[in-house]
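Accompanying notes for the structure given below.
The values are calculated or read from the model by the stated rules, or taken from the named source; none is laboratory data. Note that this is a predicted model, so its numbers are computed, not measured. No Cβ is skipped: glycine too gets one built from the backbone with ideal geometry, and neighbour counts run over all protein chains shown.
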Amino acid sequence: MSKRETPTAEPAPETSKTALSDAYGKVSDRVAAAYAAAREKTAGAGEKLESNPLAALLGGIAIGAIAGALLPRLEKEKELLAPLGEKIGDAARAALDAGKSAGTDALAEAGLSSDQIRAQVSKLVEQALKAASEAGTAAIEAARESASR
């Protein structure tokens, strides 16, 4: 053996196989655990979606709106979608005007003016506040009586 060569110990074949087998077992266990955890999470998400699909829809719309706001608009996109946006805006304004007109007409037919409605709403709010105040007072008195026993 020359001075430059250093003796190297070759690992025993059985030791290498054991270490490889142990590593494979550990990796396999971790993959199985990760798979099980992922299945549990997705099952829970599926149940939540089934129990409240409206929230899922609103969440999807919100995510889409955020993504749309973050992505830059292309000129072609503006060119193609501008007329559609104008049509939608015009239709929404027409629907709002029609609803407003129909509501005003219905109130006029019933003999109600906007001043009469405001007075009724004011009276209703006043009565609701009075009832809430009386209920609060009664609850405090009941608590005091219960504490003094």
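Quick notes on this one:
- Filter pass, Ala108 being without any contact (Cβ under 8 Å) to a residue 40 or more places away in the chain, surrounded by 10 or more Cβ atoms within 10 Å (Cβ to Cβ) and under 37 Å from the mean Cα position of the chain (by Cα): no
- Any hit, the range 22-43, residues being surrounded by 10 or more Cβ atoms within 10 Å (Cβ to Cβ), β-branched (Val, Ile, Thr) and at pLDDT below 75: yes
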